[in-house]
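Visitor: Before we start, here is the structure in question, set down as structure tokens.
The values are calculated or read from the model by the stated rules, or taken from the named source; none is laboratory data. Note that the coordinates shown come from a computational prediction; the quantities given were computed from them, not determined experimentally. Cβ sites come from the backbone with ideal geometry, for glycine too, and all protein chains shown count toward neighbours.
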Amino acid sequence: MKQEFIFSLITFLIFGILKTRKSFHMLQQNWYDKSFRYLKWCFKNIKKSILTIDILVIPLLVACYFLKVEYIYYVVAIAYIFIAYVYFKITKGEQVKKPLAFTARLKRLSVTMLIIYAIPIFVIIKNFNGNHLYLYYLIMAAMMWLDFIIVAIANRINMPIEKMVYYHFLSQAKNKIDSMPNMKRIGITGSYGKTTSKNVLNDILSTSFNTTPTPLNYNTAYGVINAINNYLDKFTDIFIVEMGTLKRGDIKKIASIAKPEYGILTKIGVAHLETLGSQENIQKEKFSLIEALPENGIAVLNRDDELQVNYKLKNKCKVIWIGIDNEADVMAKNIKLSHEGSTFDCVIKGNPKVYHFQTRLLGKTNIYNILAGIALGLEFGIKDEKLEMAVRRVKPTEHRLELKKYRDLFIIDDAYNSNPVGSKMACEVLGLMPGKKIMVTPGMIDLGDKQDELNEKFGEYIAEVADDVILVGEHQTKPIYKGLMNKKFKEKNIHVINDVKEAFPLALKLKNKDTYVLLENDLPDIFNEK
């Protein structure tokens, strides 16, 4: 009987690997439970975290106990084989924009998880008693059922180890930065547009310098440390650092590592209002980059952002203002937006020459990103011919108003981290398109007690430009639905789905000859309500 029990545990562990992998994926997407983001996700998504298919094993065991099933280990083994198969099919079919990265941190977490599961298994096998078979199975089934919570516990257990690892690599990064005194360092932050601004600036400065931007979305302290240790070399002239934040002090921490001499503040919105607490806290957090600059440093600020204009800067560094609607040091005028890109004239304060620029990037918001790049390009002595050429060659950033083709559809991919200002501008871009316009969105998150209000307003913006709307998640998109109704949008043109995988087949059914589909917002596997 003991051998049969061990055999049944093998099927249990096979399913455990599948379920723990999913837990790891959600933990990673939720910043390793920073500010309890992962646990909040678990309790907001009970169907995915708690009410999983393996919960059926518990009533099955109870039923077998009362029915006095003789070969319970065979029943358990078959049950877990079936459950593993179903779970694999479900998770394999999920659409993920950001796959699980099996990092060194996850490997360490895997060891801790293995120990947590091995302890009760070892105790049970060492003290095995056939009369307690059902109890053993209930213990194991309960642990597997609560796997999402056990992952959170293992993550907390590993925190002291992760801190030691962090400080080890932090010391390496600081020493490396200190060993490169001639390298220029630029920090970029804001509520949105950070990654695009970083990529635009890199495309401009790389025409004359060896530049190294932080890769992909490496905008946390861990990410910046990784970028310094693994991407910088002695040939780097300029290091461009994207700086993200989830709670107060994050940007100051990154600035203390990268030591920027130049700073770009894109625009201040209400992203991460839930964790930062208030608009004032967001404003202070973003300006902590500018206030970390040395007195001989240079800040690029946005004159059209009231929250930047009204802030009392605690730094005497040089400030270059960019703008479109208000007078600034570097201004865009005569802007022409279209579905193919934009053209504009650039006027520099004190310079009678007018520069003409053309870009493939969509929307007004990208004009600001280009102006910031031009401002620092001029500071670094790049000639106007090179600037104009660089702007023409700037490539769209992945998942940020990126226009691409999918079968018979034109896709405007703005799927990464939507926020109130960015989503409004994305709607404006959709409005520029010449054909039928379809919006696909699950709405916005991390907006605290203003979330419903802002999503309702988002629905009103959508109603002004879209012909059809596909809402992902019946519950979470109710405020958007309300906003659409406020504008008397046709109810028959609103389509509610609970899985983002259904969006493209539906859009193909709704399409006309030229159809543009705007994908607006965050990671689909977090948002699906299915």
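Visitor: Spot the failing condition for Gly193; the list is (1) at positive phi; (2) in contact with a Pro (Cβ under 8 Å, 6 or more places away or on another chain); (3) not β-branched (Val, Ile, Thr), and only one is missed.
Guide: Gly193 satisfies all of (1) at positive phi; (2) in contact with a Pro (Cβ under 8 Å, 6 or more places away or on another chain); (3) not β-branched (Val, Ile, Thr) except (2).
Visitor: Here's a follow-up. From the list Phe239, Phe235, exactly one residue is within 18 Å of Ala372 (Cβ to Cβ) and either assigned by TED's automatic domain parsing to the domain that holds Asn366 or at pLDDT below 95 (or both). Which is it?
Guide: The conditions single out Phe239.
Visitor: A further question on this structure: Quick check: anything in the stretch 254-267 over 12 Å from Gly187 (Cβ atoms), more than 22 Å from the chain's Cα centre (by Cα), outside any helix (DSSP H, G or I) and of a type in the set (Asp, Glu)?
Guide: There is no residue in the stretch 254-267 that is over 12 Å from Gly187 (Cβ atoms), more than 22 Å from the chain's Cα centre (by Cα), outside any helix (DSSP H, G or I) and of a type in the set (Asp, Glu).
Visitor: Quick one: how many residues across the stretch 310-323 are under 16 Å from Ile264 (Cβ atoms) and not hydroxyl-bearing (Ser, Thr, Tyr)?
Guide: Matching residues across the stretch 310-323 total 9.
Visitor: A further question follows. Which of the residues that make up the stretch 349-366 are surrounded by fewer than 18 Cβ atoms within 10 Å (Cβ to Cβ), in a strand (DSSP E or B) and at pLDDT below 95?
Guide: Correct list: Val354 only.
Visitor: Hey, another quick one. Applying the selection to the stretch 465-514, what residues are among the polar types (S, T, N, Q) and either buried (at least 22 other Cβ atoms within 10 Å of the Cβ) or at pLDDT below 95 (or both)?
Guide: Gln476, Thr477, Asn498, Asn512
Visitor: Same structure, new question: Inside the stretch 1-55, can you point out the residues that are within 23 Å of Val86 (Cβ to Cβ), of a type in the set (Val, Ile, Thr) and part of a helix (DSSP H, G or I)?
Guide: Scanning the stretch 1-55 gives Ile10, Thr11, Ile14, Ile17, Thr20, Ile46, Ile53, Ile55.
Visitor: Which of the residues spanning the stretch 258-304 are small (Gly, Ala, Ser) and either surrounded by 18 or more Cβ atoms within 10 Å (Cβ to Cβ) or more than 25 Å from Lys34 (Cβ to Cβ) (or both)?
Guide: Ala258, Gly263, Gly269, Ala271, Ser288, Ala292, Gly297, Ala299
Visitor: Now for a different question. Name, by its number, the condition in (1) within 22 Å of the chain's Cα centre (by Cα); (2) small (Gly, Ala, Ser); (3) under 30 Å from Val300 (Cβ atoms) that does not hold for Ala152.
Guide: Evaluating Ala152 over (1) within 22 Å of the chain's Cα centre (by Cα); (2) small (Gly, Ala, Ser); (3) under 30 Å from Val300 (Cβ atoms) leaves (3) as the failure.
Visitor: While we're looking at this one, here's another question. Taking the condition of being of a type outside the set (Lys, Arg) and not in a loop (DSSP other than H, G, I, E, B), how many residues in the stretch 174-184 meet it?
Guide: Residues meeting the conditions: 3.
Visitor: Something else: For a quick check of your reading of the model, give me the residue pairs whose first member lies in the stretch 468-479 and is closer than 11 Å to Pro442 by Cβ, whose second is of a type in the set (Asp, Glu), with beta-carbon atoms closer than 8 Å and at least 6 apart or on different chains.
Guide: Val472/Asp499; Val472/Glu529; Gly473/Glu529; Glu474/Glu529; His475/Glu529; Gln476/Glu529
Visitor: Kindly indicate whether any position in the stretch 377-384 is in contact with a Gly (Cβ under 8 Å, 6 or more places away or on another chain) and assigned by TED's automatic domain parsing to the domain that holds Thr189.
Guide: The answer is no; no qualifying residue exists.
Visitor: Could you say which residue among Lys482, Lys436, Lys478, Lys488 is of a type outside the set (S, T, N, Q), more than 19 Å from Leu519 (Cβ to Cβ) and in contact with an Asp or Glu (Cβ under 6 Å, 6 or more places away or on another chain)?
Guide: None of the others qualify; the one that does is Lys482.
Visitor: Before we move on, is Gln476 polar (S, T, N, Q), in a loop (DSSP other than H, G, I, E, B) and either assigned by TED's automatic domain parsing to the domain that holds Glu520 or touching a strand residue (DSSP E or B) at 6+ places or on another chain (Cβ under 8 Å) (or both)?
Guide: Against the criterion (polar (S, T, N, Q), in a loop (DSSP other than H, G, I, E, B) and either assigned by TED's automatic domain parsing to the domain that holds Glu520 or touching a strand residue (DSSP E or B) at 6+ places or on another chain (Cβ under 8 Å) (or both)), Gln476 qualifies.
Visitor: Considering each residue of the stretch 294-308, count those that are free of Cβ contacts under 8 Å to residues at least 60 places away in the same chain and of a type outside the set (Gly, Ala, Ser), and give that number.
Guide: Qualifying residue count for the region: 9.
Visitor: Identify, from the list Ile6, Ile46, the residue that is of a type outside the set (Lys, Arg), modelled with pLDDT of 85 or more and within 36 Å of the chain's Cα centre (by Cα).
Guide: Checking each option against the conditions leaves just Ile46.
Visitor: Being modelled with pLDDT under 95, of a type outside the set (Val, Ile, Thr), under 22 Å from the mean Cα position of the chain (by Cα) and outside any loop (DSSP other than H, G, I, E, B) narrows it down to one of Gly223, Gly187, so name that one.
Guide: Sole residue among the options that is modelled with pLDDT under 95, of a type outside the set (Val, Ile, Thr), under 22 Å from the mean Cα position of the chain (by Cα) and outside any loop (DSSP other than H, G, I, E, B): Gly223.
Visitor: Another question about this same structure. Taking the stretch 190-203, which residues are of a type in the set (Ser, Thr, Tyr) and modelled with pLDDT under 90?
Guide: Selection gives Ser191, Tyr192.
Visitor: Regarding the stretch 102-125, can at least one residue be identified that is assigned by TED's automatic domain parsing to the domain that holds Phe36, surrounded by 15 or more Cβ atoms within 10 Å (Cβ to Cβ) and not in a helix (DSSP H, G or I)?
Guide: Within the stretch 102-125 (the criterion being assigned by TED's automatic domain parsing to the domain that holds Phe36, surrounded by 15 or more Cβ atoms within 10 Å (Cβ to Cβ) and not in a helix (DSSP H, G or I)), the answer is no, since none of the residues qualifies.
Visitor: Also: Kindly establish whether Gly249 is on the phi > 0 side of the Ramachandran plot, surrounded by fewer than 18 Cβ atoms within 10 Å (Cβ to Cβ) and in contact with a Gly (Cβ under 9 Å, 6 or more places away or on another chain).
Guide: no
Visitor: Could you list, in sequence order, the residues of the stretch 416-453 that are within 14 Å of Gln476 (Cα to Cα) and either in contact with a Gly (Cβ under 6 Å, 6 or more places away or on another chain) or buried (at least 24 other Cβ atoms within 10 Å of the Cβ) (or both)?
Guide: Val440, Thr441, Pro442, Gly443, Met444
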